[in-house]
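> Handing you a structure now.
Since every read-out is calculated from the coordinates, none of them should be taken as a lab result. Here the structure is a predicted model, which means the values were calculated and not measured. So basically every Cβ, Gly included, is an ideal-geometry build from the backbone, and we count neighbours across all protein chains shown.
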């Protein structure tokens, strides 16, 4: 029990520090110690951050994640359906191709994706991020959905087939809705990964107004080397959306994150 | 010659796969041979002219001391992650799956670091390690241990250790969940029978729990191994691989060569090496020791079990 509390302190104290010092004024921070409780908390740091590029970052991340997630769920579940349910030549080859992507470090794709994005004229736009975001999350998405679909009984589809349903109807009206638990898990997992994604946005985005949250944060660090409290305020603001999401979803999020265990 | 029915099946199958394949081929599969192709050129990535240099980049790579240091650091990271994260994961996993009061709340709170981005974690910990106003040094000052204070991330002797601790802080909750799931799937009867026979808690842990979660331990080692090749954001934010390459990993070195120095040919060579290494590691873990089936089953049960 004592250990449980010690570990709790280790886990949460960094966050408490972030919160506590983000409401200090620079003078108080630099004269005092990070351990003291703020004397007169001010939200000036937060209002300052908000008037800078922060709303852009939030908006960009939100748009890119929302679009990428929609494409991932649709294309991923269709692909998983094909691999789990249909019988066709080369099927195992395609499955192996997707599974192979799970352990491959994405760095192998960085330079080619960078040149491709430039050639497509999508460099330094948030739209250029969607392709790689979908591409590198498809393996795990298909893997989880396929495993789940394997356990759905075939009888419903067979009954629908007798009633004259097409393959698409069997997928969209039967298997897709029945896969809801796995789709929720995959969505949660992909969402956390994409919300926090850094390297593609570092490589493919340049202008401040096109940055995502993680890239913007990294840049704030450069701007605020002399103003640690402001930096911490930006940090807290950027982590808040996912913390709220976690507070709402709780164990669902944990389940989703570990359903993707393979990705590490 | 394939029959008409087979052709129809293939068509339907590909129709369902096509949307995913377009993204996957364009952004993941084709870039792999492309990177290998670029590794034979000297190229800045922006101007169209590439100079063919044959295997020069590969020879350079094998003589590059910094590169080998980054390989070594990746290796140390794997070892340290296994030593720190897995035992802590088991410890916390058994804690949150035990009957202590508020186990569920503990589990939920312990998991918080996993929801933060590597960038945010890196920045928070940069502040903790900050030499003048940072959490650790001010604490040492108050305790009268000022002589122990140092610029944790600025000192080549301490930087990598500091980064490894941060990485552990981030990932321990993940392994906690894996082990909690494994431990709670152990039949309660087994433990109770042992207690009735007079076994102590330590005995139950080492004689029953540990052997029964050995598969999860193996899986975790594989995850640490493949995951370590991908570590980037946190180290990039905290140290950019410095000071004097003491925290350099293959991933950070690859990024810096390609996108800071604009040596895209050489960067692609490093990336290609990482690809070969990860492919070899994956094949070795899958096939050597004939554990292929067990590994797959472990993965599968892990994946679907956690959805229920």
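> Add -39500 (n - 2.57) for each DSSP H run of 4 or more in chain B, then divide by its residues: what number comes out at 222 nm, to the nearest 500 deg cm²/dmol? Present the calculation step by step, with values, prior to reporting the outcome.
Numbers: 16 runs with 205 residues, N = 308.
Value at 222 nm, helices only, nearest 500: -21000 deg cm²/dmol.
> Related question: Between residue A:209 and residue A:243, what is 0.36 nm times their sequence separation minus the Cα-Cα distance? Round to one decimal in nm.
9.8 nm
> Can you tell me the 0 to 90 degree angle between the C-alpha axis of helix A:213-223 and the longest principal axis of chain A, rounded to 10?
20 degrees
> OK, next. Taking Cα centroids, how far is region B:230-289 from region A:1-77 in Å?
Each part's Cα centre sits 29 Å from the other's.
> Using only DSSP helix segments of four residues or longer, with each worth -39500 (n - 2.57), what per-residue ellipticity at 222 nm results for chain A after dividing by its residue count and rounding to 500?
Details: 13 runs with 186 residues, N = 264.
That calculation yields -23000 deg cm²/dmol at 222 nm.
> What percent does the relative contact order of chain B come to when contacts are Cα pairs within less than 8 Å and at least six residues apart?
Numbers: 312 pairs, mean separation 82.5, N = 308.
It rounds to 27 percent for chain B.
> Please tell me the relative contact order of chain A in percent, rounded to the nearest whole number, where contacts are Cα pairs under 8 Å and at least six residues apart.
Working: 254 pairs, mean separation 84.2, N = 264.
Computed value for chain A: 32 percent relative contact order.
> If you don't mind, another one. If I stretch the segment between residue A:227 and residue A:66 completely, what's the gain in nm (0.36 nm per residue apart, minus their alpha carbon distance), one decimal? Each step should come with its number before you reach the end.
Numbers: separation 161, 0.36 × 161 = 57.96 nm, distance 3.28 nm.
Result: 54.7 nm gained on full extension.
> What residue among B:70, B:258, B:146 shows peak mean-square fluctuation when chain B is described by a Gaussian network model with Cα springs under 10 Å?
It is B:146.
> Provide the FRET efficiency to the nearest 0.05 for the residue A:90-residue B:3 pair, computing r from the beta carbons and using R0 = 22 Å. Show your work: numbers first, answer last.
Working: r = 15 Å, r/R0 = 0.69.
Working from the Cβ atoms, E equals 0.90.
> What is the distance, in nm, between label points placed 7 Å from the Cα along the Cα-to-Cβ direction at residue A:12 and at residue B:75?
Using points 7 Å along Cα→Cβ, the separation is 4.2 nm.
> I would also like to ask the following. Compute the acute angle (0 to 90°) between the alpha-carbon long axis of helix A:2-22 and the principal axis of greatest extent of the alpha-carbon atoms of chain A; round to the nearest 10°.
Taking Cα atoms only, the helix is inclined about 70 degrees.
> On a 0 to 90 degree scale, rounded to 10, what angle separates helix A:54-85 from the longest Cα axis of chain A?
20 degrees
> Take the alpha carbon atoms of region B:22-40, find their center, do the same for region B:56-120, and report the distance between the two centers in whole angstrom.
Using only Cα atoms, the two centres lie 29 Å from each other.
> Now for a different question. If I take every Cα pair under 8 Å that is 6 or more residues apart in region A:1-45, average their sequence separation and divide by the length, what percent do I get for the relative contact order? Intermediate results must be reported in sequence, preceding the final value.
Details: 23 pairs, mean separation 16.9, N = 45.
Rounded, it is 38 percent for region A:1-45.
> Now for a different question. What average number of partner chain Cβ atoms lie no more than 10 Å from the Cβ of the residues making up B:103-114?
Numbers: counts 1, 2, 1, 6, 3, 6, 4, 7, 8, 9, 5, 7.
Whole-number average of other-chain Cβ neighbours for B:103-114 is 5.
> Taking each residue of A:133-139 in turn, how many C-beta atoms of other protein chains fall within 10 Å of its C-beta, and what is the average?
Working: counts 2, 8, 10, 4, 3, 7, 3.
Counting other chains' Cβ atoms within 10 Å and averaging over A:133-139 gives 5.
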